[in-house]
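The values are calculated or read from the model by the stated rules, or taken from the named source; none is laboratory data. These numbers come from a predicted model, not from an experiment. Glycine gets a Cβ as well: all are built from the backbone with ideal geometry, and neighbour counts include every protein chain shown.
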Amino acid sequence: MKFNDLGLEPGLVSAVAAHGYRSPTPIQAQAIPPVLAGRDLLAGAQTGTGKTAAFVLPLLQLLKEPAGRAPRVLILAPTRELAAQILESIRVYGANARLRARVVFGGVGEQPQIDGLRAGCDILVATPGRLLDLAERRLADLSGVQYLVLDEADRMLDMGFIHDIRRILKMLPAKRQNLLFSATYTPDIRALAARILVKPVQVEVTPPNSTVERVVQLAFRVAKDDKRHLLVHLFENGANGEGRWTQALVFTRTKHGANRLSEQLDRAGIRSAAIHGNKSQSARTRALADFKAGKLTALVATEVASRGLDIRELPQVVNYDLPHVPEDYVHRIGRTARAGNDGHAVSLVSEEEAPLLRDIERTMRQPVPFAPTPAFARIASPAPAPQQPRATAAASRAPGGSSHRHRSRAAPRSYGRRRSGGR
């Protein structure tokens, strides 16, 4: 099957081809025709299956030409990264159209976003919190929305956006086409779908909570305090003898843990940056751009990055800490094996995390195989700088001496084994 078999216009087909895609993915093949036919849609699709194009392409065709200042399409996403990724897809696939697209999310100054809304747009991509704030202050006009997309709906509910979503829904016209995409079908998702969808076409390209088929999963047993040492070994040698890792996205459970691990990897000569909710949007954008450009070998992230990071040809995902929510494991490892590429997911499992792994395996209905833990060296922690004795007042006033205290330079720190490529 080709894209032009789905009823897409030649301009969209050529834009998709220019981006390197020739054949639609299963979710695109099943979702695009009913969207073009004006049907509501309930789609179950994992991250990395091409679902963004599954709604962006038909919506670009349905809009056709710019019209007015208020948006006709509203796309809600859980994270800034996913919202930015969707906007980029709209611009890529809509290269041959004159439609205007804007993005609205928190963590950055609101005035440029307000100015963009005042200038007018056809498609608005937004996170719920910032959009609700602007709409309640009458800075975002939602009265002309004809098409609503809830992307990663399960994640939005997990992040507590259900109340914001309900308030936004009340601001929209009652008559509209609704598309809901979710990687999992929880009771809350089904309740939300029943509320907003009218006689929807239901599409599910993968079983609930299954992982991307092209991801090779592997786990190592390791003590919690030894995880960073094993991780450095894996970066230098690989997990299966494949050689030094060129890039890996590493997930930690906490923001502090992400910062600390990034610093430890840097000291071991592995170029790294951390990305999490406490980072400014500019810092998150810069870290992601450096990672995509190959300037960083490791991007250490919390759950905020498990959705919305579109990194083509990412070879490795590492669960440094296992997530408490089993579904989050599925979303994490879905960052690799994208666009038809193979991918690997490695989990470092401490004794305390064994119950979490069992929950993940039950959710996926498949085991995560363990491999023998390789022998690895422990990297020495930074040695404290030697303390210099303080000069006494009498010494500072000794004959021929200076009236100022003598300042000695601390000895350089030692970080154990030095590696090439460090900062």
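Here is a yes/no grid of residues against (1) assigned to a helix (DSSP H, G or I); (2) modelled with pLDDT of 95 or more; (3) assigned by TED's automatic domain parsing to the domain that holds residue 126; (4) among the small types (Gly, Ala, Ser):
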position: 142; (1), (2), (3), (4): no, yes, yes, no
position: 148; (1), (2), (3), (4): no, yes, yes, no
position: 157; (1), (2), (3), (4): yes, no, yes, no
position: 163; (1), (2), (3), (4): yes, no, yes, no
position: 169; (1), (2), (3), (4): yes, yes, yes, no
position: 172; (1), (2), (3), (4): no, yes, yes, no
position: 188; (1), (2), (3), (4): yes, no, yes, no
position: 195; (1), (2), (3), (4): yes, no, yes, no
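Could you please find all residues in region 363-376 being surrounded by fewer than 14 Cβ atoms within 10 Å (Cβ to Cβ) and either at pLDDT below 90 or not assigned by TED's automatic domain parsing to the domain that holds residue 333 (or both)?
Listed by number, the residues that qualify are 365, 366.
Restricted to region 118-133, and to residues that are surrounded by 19 or more Cβ atoms within 10 Å (Cβ to Cβ) and of a type in the set (A, V, I, L, M, F, W, C), which residue is farthest from residue 71 (Cα to Cα)?
The residue in question is 132.
Check whether at least one residue in region 83-100 is on the phi > 0 side of the Ramachandran plot, out of contact with any His (no Cβ under 9 Å at 6 or more places or on another chain), free of Cβ contacts under 8 Å to residues at least 12 places away in the same chain and of a type outside the set (S, T, N, Q), and report yes or no.
no
Look through region 292-302, keep the residues that are under 16 Å from residue 259 (Cβ atoms) and of a type outside the set (Val, Ile, Thr), and return whichever of them is surrounded by the fewest Cβ atoms within 10 Å (Cβ to Cβ).
296
Whether any residue in region 226-247 is modelled with pLDDT under 90 and not in a loop (DSSP other than H, G, I, E, B) is what I want to check.
No.
Taking residue 269 and the conditions (1) within 17 Å of residue 377 (Cα to Cα); (2) part of a helix (DSSP H, G or I), which numbered condition does it fall short on, given that it satisfies the others?
Here residue 269 clears every test but (2).
I need the full set of residues from region 1-31 which are among the aliphatic types (A, V, I, L, M) and free of Cβ contacts under 8 Å to residues at least 12 places away in the same chain, in order please.
13, the sole residue that qualifies.
Out of the residues in region 256-269 that are in contact with a Phe, Trp or Tyr (Cβ under 9 Å, 6 or more places away or on another chain), within 19 Å of residue 283 (Cα to Cα) and touching a residue at least 40 places away in the same chain (Cβ under 8 Å), state the one that is surrounded by the most Cβ atoms within 10 Å (Cβ to Cβ).
Once the filter is applied, the top-ranked residue is 258.
Of everything in region 8-42 that's more than 17 Å from residue 89 (Cβ to Cβ) and aliphatic (A, V, I, L, M), which residue is surrounded by the fewest Cβ atoms within 10 Å (Cβ to Cβ)?
Checking each candidate, the answer is 37.
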